[in-house]
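A.B. asks: Submitted below is the structure of interest, expressed as structure tokens.
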Amino acid sequence: MNDIAHVTPTFEGVLAAAARIAPHAHATPVLRSRTLDALAGCELHLKAEHLQRAGAFKFRGACNAIWSLDEATAARGVVTHSSGNHGAALALAARTRGVACHVVVPEGAVAAKLAAIEAYGATLHRCAPTIAAREARTAELQAQLGAELVHPYTDPRVIAGQGTAALELLCTPERFDAIVVPVGGGGLASGTALSVAARSPGTRLYLAEPAGAAETFASLAKGERVTDFTPDTVCDGLRGTLGEINFRMLRDHGAQVLTVDDVDTVAAMRLFWQRTKQIVEPSSAVALAAALKHGPLFAGQRVGVVLSGGNVDPDALPALFARA
């Protein structure tokens, strides 16, 4: 494993990431909807990361990692594994600097996401649809190519970059009672924890997680990582295993998990489309679904919701919406 894996992410790293990625990443808007506020019983401020480059917040962390590399390391290229969004983000970020990029993808990944990875110029390497297979194939490629590993959620450069989304949200005039973010591997969640702790320590952090992949919920409840599970959820971006560093950061921050059934996530995805005329993917809609489902937690409060991405296959929408 590369030495960077042993670096502890800090808020200073988030601030450095914000400056580093500013020439490349979008400062995404915060959306409002009176209808959604009324349904949720609170004031929702929706951070539109589905409008980020490559269609997801992942570009922030990938861009920070790529532009953190020294010239010699960049010349060897980068490698990662991803079910889609991180791979596409790293491929695009690598292209902004002319860096070779290799992405290990599991069989069964969303076709639109794989097409995006290739369109951004990365080389795809397929593997079995398990975390163990992804990690093993990535390690093989790293050794073979001498490339720099940019892990999708445990790399401190990635975590710091992901924290810039919440940093932007917290730099708005509003003071938030709570922030809700999706959680899978934990990169966005732990980066958000850094920004919340530094900029708005009174704000509660909630993690939205599919009930069919509630590994973070189980891990925080048990006090140690739970990894022996098989995810069963339409939220393909949230099927990853919670990272060790991410677990420690979320535990130490006191983050709370809200589990959401897939039917509620898809209903929220459909509702968001109907009311705002914009599409987010299930792995993003889970955060809005959590705010809607757990209304009593947020009644009358100001709540930030990070809509993490919008990379959904259009051909899959009819089948998805039929589940709502």
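A.B. asks: When all C-alpha to C-alpha distances in region 1-72 are sorted into bins of 5 Å, what percent of pairs does each bin hold, rounded to whole numbers?
C.D. replies: 3, 14, 17, 19, 15, 12, 9, 6, 3, 2, 0
A.B. asks: Of the trypsin sites (Lys or Arg not before Pro) in region 128-216, which ones lie in a loop per DSSP and count no more than 14 other C-beta atoms within 10 Å? Please report the intermediate quantities before stating the final value.
C.D. replies: Values: sites: Arg134, Arg137, Arg157, Arg175, Arg199, Arg204; in loops: Arg175.
Filter output for region 128-216: Arg175.
A.B. asks: Something else about it: For region 202-242, what D do you get in µm² per second when you plug the Kirkwood radius from alpha-carbon pairs into Stokes-Einstein at 20 °C and 1.002 mPa s? Mind dumping the intermediate values first?
C.D. replies: Working: Rh = 10.9 Å.
Translational diffusion coefficient: 196 µm²/s.
A.B. asks: For q = 0.08, 0.12, 0.13, 0.15 Å⁻¹, what log10 I(q)/I(0) does the chain give under the Debye formula with an equal point scatterer on each alpha carbon and no solvent?
C.D. replies: Calculated log10 I(q)/I(0) at the listed q: -0.31, -0.73, -0.86, -1.19.
A.B. asks: Something else now. Stick to the Cα atoms of region 1-120, pair each with every other, and give me the Kirkwood hydrodynamic radius in Å at one decimal. It would help to have the intermediate numbers written out before the result.
C.D. replies: On the way: mean 1/r = 0.0628 Å⁻¹.
Averaging 1/r across every pair of different Cα atoms and inverting gives 15.9 Å.
A.B. asks: Classify region 240-324: rounded, prolate or oblate, from the alpha-carbon gyration tensor (a ≥ b ≥ c, eigenvalue square roots; a/c under 1.5 rounded; otherwise prolate if a/b is larger than b/c)?
C.D. replies: Details: a/c = 2.21, a/b = 1.44, b/c = 1.54.
Taking the square roots of the gyration eigenvalues as a ≥ b ≥ c, region 240-324 is oblate.
A.B. asks: Of Leu205, Val234, Phe247, which is farthest along the charge dipole of region 202-258 in the positive direction, counting Lys and Arg as +1 and Asp and Glu as -1 at C-beta?
C.D. replies: Leu205
A.B. asks: Using a Gaussian network model of the chain whose springs link C-alpha atoms within less than 10 Å, name the residue from Phe57, Phe229, Phe176 with the highest mean-square fluctuation.
C.D. replies: Maximum among the listed residues: Phe229.
A.B. asks: Pulled fully out, how much extra length does the chain show between Lys222 and Asp315, if you take 0.36 nm times their separation in residues and subtract their Cα-Cα distance?
C.D. replies: Numbers: separation 93, 0.36 × 93 = 33.48 nm, distance 3.95 nm.
Additional length available on full extension: 29.5 nm.
A.B. asks: Here's another thing I want to ask about it. What area, in nm² and to one decimal, does the C-alpha convex hull of region 50-101 cast on average over all directions? Present the calculation step by step, with values, prior to reporting the outcome.
C.D. replies: On the way: hull surface 12.4 nm².
About 3.1 nm², averaged over all directions.
A.B. asks: Counting GluC sites (Glu not before Pro) as exposed when in a DSSP loop with at most 16 other beta carbons within 10 Å, what is the longest stretch of the chain free of them?
C.D. replies: Details: sites that count: Glu107, Glu174, Glu224.
Result, exposed sites excluded: 1-106.
A.B. asks: Also: Could you order the peptides 73-82, 248-257 from most to least packed, using the average number of other C-beta atoms within 10 Å per residue?
C.D. replies: Details: 73-82: 22.4, 248-257: 17.6.
Highest to lowest by the protection proxy: 73-82, 248-257.
A.B. asks: Moving to a separate point now. Kindly express, to the nearest 10 degrees and within the range 0 to 90, the angle between helix 131-145's C-alpha long axis and the longest C-alpha principal axis of the chain.
C.D. replies: For helix 131-145, the angle is close to 30 degrees.
A.B. asks: Could I ask something else about it? Where does helix 282-293 land angle-wise versus the long Cα axis of the chain, in degrees 0 to 90, nearest 10?
C.D. replies: The two axes meet at around 20 degrees.
A.B. asks: Arrange the residues Phe321, Phe272 by how much accessible surface each exposes, largest first, with a 1.4 angstrom probe.
C.D. replies: Details: Phe321 25, Phe272 0 Å².
Result, largest first: Phe321, Phe272.
A.B. asks: Charges only on Cβ, +1 for Lys and Arg, -1 for Asp and Glu: so what's the dipole of region 205-281 about the Cα centre, in debye to the nearest 20?
C.D. replies: Values: 8 positive and 12 negative charges, 64 e Å.
So the dipole magnitude of region 205-281 works out to roughly 300 debye.
The values are calculated or read from the model by the stated rules, or taken from the named source; none is laboratory data. Keep in mind the model is a prediction, meaning the values are calculated, not measured. Every residue, glycine as well, gets a Cβ built from its backbone with ideal geometry; the counts of neighbours run over all protein chains shown. With ligands, DNA and RNA removed, areas are computed over all heavy atoms of the protein, side chains included. Shrake-Rupley method; radii C 1.70, N 1.55, O 1.52, S 1.80 Å.
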